[in-house]
Structures are given as C-alpha cells and as structure tokens.
Amino acid sequence: MKKDFDINTVLRKPLMAHLSTTTNGEPRDSPVWFIWEEECIWIFGTSKDSFVKRLKQEPRYALGVVDFDLDKGILRHVGVRGTAQVGKVDHNRLYRFVSKYLGKDKEKWNEWFVKNIVDPLDVMVQITPKSIVAKDVSFFKTGPELAH
C-alpha cells in the first residue's frame, strides 16, 4: 500500500467520495458522503439506491477521495479498492456520519434534509479496503521544495 501521507488527514474531512461499481460489466460512479472508522469506510443509503443494489450483486468496488484547494496548492488523493458488505443501520454510526457534514448539534440540522434524506436511510455499507493508495501532489503550483 503506497502512502505519501497519513490517510486520516483526508478521510476525516467532510469531503465527497466517488464510489465506483459495476453492473452487467459496465462501470458506474456514485458521489457519496462517508465516514472513516475502524479502518473501514462506511456509507449510508436506502435499499432502493442503485449503488446499494449494485454492491449487493457485485461487492467489489473502487473508491476515490480528493482533497483539493487551488489557492493553497493542496492536492491529495486516497484511492481504495476492496469488497463491500451491505447491512443494517447502526444509528450511533449514522449520527457520527451525519455529524461529520452537518455538525454535532442536531438542533441545527436542516429539518427538510433530515426528514427527506437522513430518515429514509435504511442501509449501511461497510467498505473494507483490500488496498489503499495515498498520493500527495500538492507541489503542483510550487514545486516539491515548497510543498505544504
């Protein structure tokens, strides 16, 4: 596993991941929120979501997360490959998952979003890495000697 940096610096941020799956031999990409815990990536969805259906049929996946800040010259990528398991929702983990993006104070969460997006979540996907690559090319603006 090639790693240019501690993957926690990227995976603990409220970033989007791109989950790549296949159906009938054709590639698919789903932008998803995620939480990194217990050396696994956890994603939530509904049993009606197409990415959930695809993972049930074919649990192998690829997932990419990019931390990019043009002004600061930051460009870090974490790539993960492995197998996924679809299971029941752990409500404590779901709270931590949503808190990562909306903050820990549930009173401040958007009511419409909770009712229409969070409450229907009935599936938790455990993304278990088989391989992880972490590439830091943050020197793209400054050169490697000035990288942050």
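Of the helices (runs of 4 or more DSSP H) lying entirely inside region 1-106, the ones with 2 or more residues being among the aliphatic types (A, V, I, L, M) and farther than 23 Å from Ile132 by Cα are found at 91-102. If you go through region 12-61 and keep only what is closer than 16 Å to Val80 by Cβ, aliphatic (A, V, I, L, M), surrounded by 15 or more Cβ atoms within 10 Å (Cβ to Cβ) and touching a residue at least 40 places away in the same chain (Cβ under 8 Å), you end up with Leu15, Ala17, Leu19, Ile35, Ile41, Ile43, Leu55. Checked against the criterion of being over 16 Å from Gln126 (Cβ atoms) and over 14 Å from the mean Cα position of the chain (by Cα), the candidates Asp6, Asp67, Asp29, Asp90 yield just one match: Asp6. Across region 107-136, the number of residues qualifying as in contact with a Phe, Trp or Tyr (Cβ under 6 Å, 6 or more places away or on another chain) and either in a loop (DSSP other than H, G, I, E, B) or of a type in the set (D, E, K, R) (or both) comes to 2.
Taking residues in region 82-103 that are closer than 22 Å to Lys48 by Cβ and loosely packed, with under 14 Cβ neighbours inside 10 Å, and partners anywhere that are of a type in the set (Ser, Thr, Tyr) and modelled with pLDDT under 95, the pairs with Cβ atoms closer than 9 Å and at least 6 places apart or on different chains are Gln85/Thr128. Take the conditions (1) farther than 18 Å from Ala17 by Cα; (2) at pLDDT below 95; (3) not acidic (Asp, Glu); Lys88 misses just one of them, which is (2). Give region 24-56 a look and list any residue that's over 25 Å from His91 (Cα atoms) and out of contact with any Leu (no Cβ under 9 Å at 6 or more places or on another chain), or say none. Across region 24-56, the qualifying residues are Asn24, Gly25, Glu26, Pro27. When residues in region 35-50 are screened for being under 13 Å from Arg96 (Cα atoms) and of a type outside the set (D, E, K, R), 6 of them pass.
The values are calculated or read from the model by the stated rules, or taken from the named source; none is laboratory data. What you see is a predicted model; the values in this text were computed from it and never measured. A quick note on method: Cβ atoms are made from the backbone with ideal geometry, for glycine too, and the neighbour counts reach across all protein chains shown.
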